[in-house]
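The next block holds one structure in the form of structure tokens; read it before the comments.
The values are calculated or read from the model by the stated rules, or taken from the named source; none is laboratory data. None of the values given here were measured: they were computed from a predicted structure. Positions of Cβ are backbone-derived with ideal geometry, glycine not excepted, and every protein chain shown enters the neighbour counts.
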2 protein chains.
Amino acid sequence: MSHSRIPEATVARLPVYLRALNSLLDAKISSCSSEELAASAGVNSAKLRKDLSYLGSYGTRGVGYDVEYLRYQISREIGLTQDWPVVIVGIGNLGHALANYSGFTSRGFRTVALLDADSNRHGELVAGLKIRGFNELSAIVHEHGVAIGVIATPAAAAQSVCDRMIEAGIRSVLNFAPTVLSVPDGVDVRKVDLSSELQILAYHEQRKAGLAAAEGTEESA
Amino acid sequence: MSHSRIPEATVARLPVYLRALNSLLDAKISSCSSEELAASAGVNSAKLRKDLSYLGSYGTRGVGYDVEYLRYQISREIGLTQDWPVVIVGIGNLGHALANYSGFTSRGFRTVALLDADSNRHGELVAGLKIRGFNELSAIVHEHGVAIGVIATPAAAAQSVCDRMIEAGIRSVLNFAPTVLSVPDGVDVRKVDLSSELQILAYHEQRKAGLAAAEGTEESA
């Protein structure tokens, strides 16, 4: 496996390619051209070929890419051929939804514990796991070798949860709380902002409305 | 308001700048340099200046950007100074979490209805709204001028929900269901894949582990 630096923008597209390849496999398609794969991933084919060249994958002229093998290459590059134990902290509606989310439990990720500060919830069964106390975090991280912590708490609790995760040895944090976390060097944080996507849609919606209005004006002129 | 085409990658960064500006305002900071804003948004400052130039915003030499005014410019460009009525379909744990998500209810978006196919849930109160039947979709879209539909159903139901949304006149769809939707031209779909972020973390985690292992080998050599 290569440890050379792949550009961050390429890394961000690998999950998109993986999803497209999974769809092709579901449809029993075993090979595809870069154009076909690019279209189903929603990128242009030159960019796709460039991205895949970082993985040493160039396809075969006249045949294209072997779907199964390319999926394996990308999975291996991302690290999904390993097992990633994950802990989710904050089992409100969102934490509950994440615990049940099929994309989390499949594809190399395994939720090993659900933690919540509210002791009234402890012992409650969610997605086959009992909710446990937040004070068990450190023991769970050591027992399971947890590498990735998911924060689904309210914003006010997120930074202290993050600090405790890092103390316990977690080096990658996925943050769903609507707040910015500060972390020391060597710790990766990804923030999921559910409203960003809505804002991007609003931009396009406004643009469509503006164009329609402009057309209306022209027609009436 | 400009209707010139802003590059898609810039549009995707506008919500990030907006979030950074909101944090600065919360910290009572009224002006900032492009370097400061770029750092808190996590992009390089040349890219930031280029992005903001599409909005006609160039800052003032030696002073930088007026935080409040830049926030207004970006909000207007995205369309957040308007009111966007949103409908959420599928009120399981995820739909429930979305209905309660503060980022959805603030910033120009207003959830006007929660719909679910399960008639046993109808009338249940979530985030101040009664869950209603999916068959009321068309009437609700017309009554409220709903522009954006959020799909939080299981994968199997998502395409038919999407089709019904489009029939009812919705032109922008935010899809949380783990499936690819096909839509006619003129309809925008954004897909939120909660596991993509986890995959990007796994890539970095693997890389860190690989580098640590390589260093260990060197030390023992």
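Residues checked against (1) in a helix (DSSP H, G or I); (2) under 22 Å from A:L198 (Cα atoms); (3) of a type outside the set (D, E):
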{"position": "B:R5", "(1), (2), (3)": "no, yes, yes"}
{"position": "B:V16", "(1), (2), (3)": "yes, yes, yes"}
{"position": "B:N22", "(1), (2), (3)": "yes, yes, yes"}
{"position": "B:A46", "(1), (2), (3)": "yes, no, yes"}
{"position": "B:L52", "(1), (2), (3)": "yes, yes, yes"}
{"position": "B:Y72", "(1), (2), (3)": "yes, yes, yes"}
{"position": "B:S75", "(1), (2), (3)": "yes, yes, yes"}
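Taking segment A:11-47 as the range and being under 21 Å from B:R190 (Cβ atoms) and not aliphatic (A, V, I, L, M) as the test, the residues that pass are A:R13, A:P15, A:Y17, A:R19, A:N22, A:S23, A:S40, A:G42, A:N44, A:K47.
Taken over segment A:149-178, the residue count meeting the criterion of being of a type in the set (V, I, T), touching a Ser or Thr at 6+ places or on another chain (Cβ under 9 Å) and facing chain B (nearest Cβ under 9 Å) is 1. When we screen B:Y54, B:Y17, B:Y58, B:Y69 for residues that are away from chain A (no Cβ under 14 Å) and closer than 29 Å to B:R110 by Cβ, the only hit is B:Y69. Could you tell me whether any residue of segment B:191-214 is basic (K, R), farther than 24 Å from B:P85 by Cβ and within 12 Å of chain A (Cβ to nearest Cβ)? Yes, because at least one residue in segment B:191-214 is basic (K, R), farther than 24 Å from B:P85 by Cβ and within 12 Å of chain A (Cβ to nearest Cβ). Number of residues in segment B:17-40 that are over 24 Å from the mean Cα position of the chain (by Cα) and of a type outside the set (S, T, Y) equals 4. Looking only at segment B:99-111, decide whether some residue is more than 28 Å from B:L37 (Cβ to Cβ), in contact with a helix residue (DSSP H, G or I) (Cβ under 7 Å, 6 or more places away or on another chain) and among the hydrophobic types (A, V, I, L, M, F, W, C). Within segment B:99-111, none of the residues are more than 28 Å from B:L37 (Cβ to Cβ), in contact with a helix residue (DSSP H, G or I) (Cβ under 7 Å, 6 or more places away or on another chain) and among the hydrophobic types (A, V, I, L, M, F, W, C).
Considering only residues of segment A:24-44 that are charged (D, E, K, R), more than 20 Å from B:S195 (Cα to Cα) and part of a helix (DSSP H, G or I), which is farthest from the other protein chains (Cβ to nearest Cβ)? The selected residue is A:E35. For segment A:147-175, a residue qualifies if it is closer than 13 Å to B:L201 by Cβ and of a type outside the set (G, A, S), and the qualifying residues are A:I148, A:V150, A:I151, A:M165, A:I170, A:R171, A:V173, A:L174, A:N175. Is there any pair with a first residue in segment A:41-64 that is in the same structural domain as A:S30 (by TED's automatic domain parsing) and a second that is exposed (fewer than 15 other Cβ atoms within 10 Å of the Cβ) whose Cβ atoms are under 7 Å apart and which are 6 or more apart or on different chains, and what are they? Qualifying pairs under 7 Å: A:S45/A:E35; A:G64/A:S33. Checking the stated criteria, B:L129 turns out not to satisfy the condition of being on the phi < 0 side of the Ramachandran plot, surrounded by fewer than 22 Cβ atoms within 10 Å (Cβ to Cβ) and not assigned by TED's automatic domain parsing to the domain that holds B:S172.
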